[in-house]
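J.: Below: one structure in structure tokens.
Laboratory data are not the source of any read-out in this text; all were calculated from the coordinates shown. Note that this is a predicted model, so its numbers are computed, not measured.
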Amino acid sequence: MNARSLLAGLLLTIPYVASGAQGDLPTQTSGTYLGIGAGSSQIDTRDGATTVGGTSVNYRAFGGYRFAHLPMPFGLDIDAGFEAAYVDIGEVEEPAAGADVAVDMTAIVASGIVYLPIHNNWDVFGKASVYFWDGTVTADGVETSSETDSDLSFGLGVSWHTGAAFGARLEIETLDALDGVLIGTLSVTYQFK
């Protein structure tokens, strides 16, 4: 699934929500939650004539707090929250300049999230994050350089919850690090009630 398809699907839900189809939504309550997830990352970087890029598996562990039922103009009832995460963004490797060059990235992430309930147990959400990331470049297994920086990230997603404690979410984020990072993750969540 590419980013445009996910974005188009999420945008198609807005008229449904804005038309007052929320009814008794949301079924979520305020509270602390934890989650773990895995997915795919696209990492691209260039250093002079050397280009390294590709896809990798990513892993995420996160926790946050969700504030439910925040009244908004036009009768919308949204949820908002904040989240902290550790993300192993992944490692990509390519032969370049006569060596096997690899780029490995990890990050600590702070996010603000806005949820828009669309149906009984479904939400769409947008998030803005700051990624405090660390990238390491190795050539034939020997570290040649490393970089630590922070960059903004924006993401969209869909979440499902049982109305009890368990849920799942699918999200995609863009990160303006190196020469572009795209992160897609499927996670399971548990909310303390």
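J.: How big is region 33-185 by Rg and Dmax over its Cα atoms, in Å?
T.: Looking at region 33-185, its Cα Rg and Dmax stand at 17.8, 61 Å.
J.: Further question: Grab the eigenvalues of the alpha-carbon gyration tensor for region 131-193, scale each by 5, take roots, and send me the semi-axes largest first in whole angstrom.
T.: For region 131-193, the ellipsoid semi-axes come out as 33, 14, 11 Å.
J.: When the Debye formula is applied to the Cα atoms of region 59-143, each taken as the same point scatterer, what base-10 log of I(q)/I(0) results at q = 0.26 Å⁻¹?
T.: Debye intensities relative to I(0), on a log10 scale: -1.17.
J.: Give, in nm to one decimal, the length gained when the segment between GLU93 and THR29 is fully stretched (0.36 nm per residue of separation minus the Cα-Cα distance).
T.: Taking GLU93 through THR29 to full extension adds about 18.7 nm, to one decimal.
J.: Next question. Report the extension gain between HIS119 and THR136 in nm, rounded to one decimal, defined as 0.36 nm multiplied by the number of residues separating them, less their alpha carbon distance.
T.: Difference between extended and current length: 1.8 nm.
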